[in-house]
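Below is one structure; the comments refer to it alone.
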Amino acid sequence: MIARSPHRFGAIAALVAGLLLGALPLGALAQEPGPLNPPTPVVPQASAAPGSIGASVSALIHPGDQLAISVFEHPDLSQTAVVQADGTIQYPLVGRVLVGGMSAAEARDSLATALKKYLKRPIVSLAMQQQGTIGVMVLGNVKSPGKYQVRTGARVADAVAAASGVATTGDYPIAQVQQSDGTMSPVNLQKLLHDGDATQNIELEDNAIVYVRGAETIRVQVLGAVSRPGNVEINKGDRLSMAVARAGAEAGSRPDLNRVFITRKDATTGQTTSYQVNLYLALEKGDQRFDPILVQDDKVFVPEAHGVSAVSAGLLGILGRFLGF
């Protein structure tokens, strides 16, 4: 991430911005929550993800978990073991022991069996000291989109629950999941959340992205330093970052993400209001106040920057590819 520096409009950019946005006071966007800046959602710790709907796996052992282990009358064997990615722990005398997917009692018995080769009657105590977590990004048609820490082994239903559920009522939409290796899988939320089809409840990897598509599409306009300026169709409930990603805000376009301008017309009063949004803070700091939900016919202007954050542009590029652009 490069250091941010203030950027100034050139004469042409200033003219375009003036035509598009009218009288827009620079710095108009409040640092406090406002009409386009809902309060940052509280990030809950999601409940453990079931492998099948309705069954808890919070008691099962997953990679990343820390286990407190001791053996009666053998203080030298007391230690904390971290479960590795393959579900095993490394333990004195016996080496690697598989504990992943087991309950604490099952893991205790498995370890005791392995120790019988070296100890006459090992009495093993094993308890969960700390559960492992992974980070998942939940976007789109959910009530509180953002990045969440969920239990290792969490699944799609847990990610949606962490984001406070699907935002719209009626039929559940389709979700798209991108794992950390770039693999993408569609998930039918109607089958998962309504019909209880556990085959749709796929397990998530660390840094997975879950995008819940809205049931309806809306049209907004994105102009300025993007590779595909013009009208953009997004799903209802999508945020500013999605529209900018669809419009192609790659590093080569040199978008100034510190100052993105949104103009919105009130359908009831006809009054037009303009805002300046620091999308940089949403992308690199996770501050959702600066990634507002867009509505039909919003106008977005992205000015050109003298210096571009490679991290922010890279994330928008990932979102663009994730959305099929």
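General observations
- Counting only strands (runs of 3 or more DSSP E) that fall entirely inside the stretch 190-277 and contain at least 1 residues that are over 20 Å from Lys147 (Cα atoms) and touching a strand residue (DSSP E or B) at 6+ places or on another chain (Cβ under 8 Å), the qualifying elements are 217-224, 230-235, 260-265, 272-277.
- Filtering the stretch 214-230 to residues that are in contact (Cβ under 8 Å) with a residue 60 or more places away in the chain and closer than 30 Å to Glu304 by Cα leaves Ile218, Arg219, Val220, Gln221, Val222, Leu223, Gly224, Ala225, Val226, Arg228.
- Given (1) at pLDDT below 85; (2) surrounded by fewer than 21 Cβ atoms within 10 Å (Cβ to Cβ), index of the condition Ala249 fails: (2)
- If the condition is being assigned to a strand (DSSP E or B) and of a type in the set (A, V, I, L, M), then the stretch 279-303 contributes Ile293, Val300, Val302.
- Qualifying residue in the stretch 276-289 (condition: small (Gly, Ala, Ser) and crowded, with 18+ Cβ neighbours inside 10 Å): yes
- Extreme residue, farthest from the chain's Cα centre (by Cα), among residues of the stretch 67-124 that are among the hydroxyl-bearing types (Ser, Thr, Tyr) and assigned to a strand (DSSP E or B): Ser70
- Criterion (surrounded by fewer than 18 Cβ atoms within 10 Å (Cβ to Cβ) and either among the hydroxyl-bearing types (Ser, Thr, Tyr) or farther than 28 Å from Gly135 by Cβ (or both)) met by exactly one of Ala68, Ala105: Ala105
- Selection within the stretch 141-182 - surrounded by 24 or more Cβ atoms within 10 Å (Cβ to Cβ), outside any loop (DSSP other than H, G, I, E, B), modelled with pLDDT under 90 and small (Gly, Ala, Ser): Ala175
The values are calculated or read from the model by the stated rules, or taken from the named source; none is laboratory data. Just so it is clear, the structure is predicted and the values come from calculations on it, not from any experiment. Neighbour counts run over all protein chains shown; Cβ positions are idealised from the backbone, glycine included.
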